[in-house]
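What follows is a set of notes on a single structure, which appears directly below.
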Amino acid sequence: MKEQLKAVDIVIVPPDHIQDVAIDLSKKVFGSTFVLGRTEYIPHISLYMGYAVDVEKIGEQVAESLKGELPFDLVVEGIKTGASPIMDIRKSLDLRRLHYKLFSAVRLVNDRREPEAYMDGVARDETLNYISSFRQKHARLSFLPHITLGAGVLPEGSVVVELPIEFKAKTVALFHLGNYNTCRRLLKKWELGV
């Protein structure tokens, strides 16, 4: 019998004022197949993604890793317009440390391409390539924290946001991924410092 894998992402869910900016910018992305929102396609900063064989066990590993972690400061440094727009997040020492800690402690599978593990059982090739290469190309020294705004084009003149924007990282969550590695369904959530 084949394992029942679930494509998941361990993320920082930014506070409301950052989500508001991300959602507003996402609505301006021309040709995107999704728009960020509060209940689906949640704005997030990916810390570690892969396939979970046992979501409960992954949740336990994340919870153990977060013991003693306190909220920390983050900064939106810039907004990349054009194709595949993002909000660039400063790679602070606290953020890098949390990424490394989760990457070392949580046992996700990255050496597969499993579209049926995604919500709705659909994932395009680029989505599958990103998750299957996460350990090699997007983690550790290659970790580039960001909030994806859409899968289209954000026109350069459409961004009216005063930068930098500071915020406190307080919430870590585990999501079931949808196509484009979007956070579609909340599986578990933790508050730092609680």
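The values are calculated or read from the model by the stated rules, or taken from the named source; none is laboratory data. Worth saying up front: this structure is predicted, and the values here are computed from it rather than measured. Virtual Cβ from ideal backbone geometry, glycine too; neighbours counted across all protein chains shown. SASA here: full protein model, heavy atoms, side chains in, ligands and nucleic acids out. Shrake-Rupley method; radii C 1.70, N 1.55, O 1.52, S 1.80 Å.
Observations on the model:
- Anisotropy class assigned to the stretch 131-183 is prolate, per the alpha carbon gyration tensor with a/c at or over the 1.5 cut-off and a/b larger than b/c.
- With both labels modelled 7 Å from their Cα along Cα-to-Cβ, the GLU64 to ASN110 distance reads 2.0 nm.
- Accessible surface of the stretch 61-158, 1.4 Å probe, proportion on carbon and sulfur as whole %: 52 percent
- Gyration tensor (alpha-carbon) shape descriptor, the stretch 1-45, a/c threshold 1.5: oblate
- Cα centroid separation, the stretch 47-88 to the stretch 133-169 (Å): 12 Å
- Accessible area per residue for the stretch 66-194 is 51 Å², calculated with a 1.4 Å probe on protein heavy atoms, without ligands, DNA or RNA.
- On full extension, the segment bounded by ASP120 and THR39 gains 27.5 nm, given 0.36 nm per residue less the C-alpha separation.
- Using the Cβ-Cβ distance between VAL75 and PHE30 with R0 = 30 Å, the FRET efficiency computed as 1/(1 + (r/R0)^6) comes to roughly 0.65.
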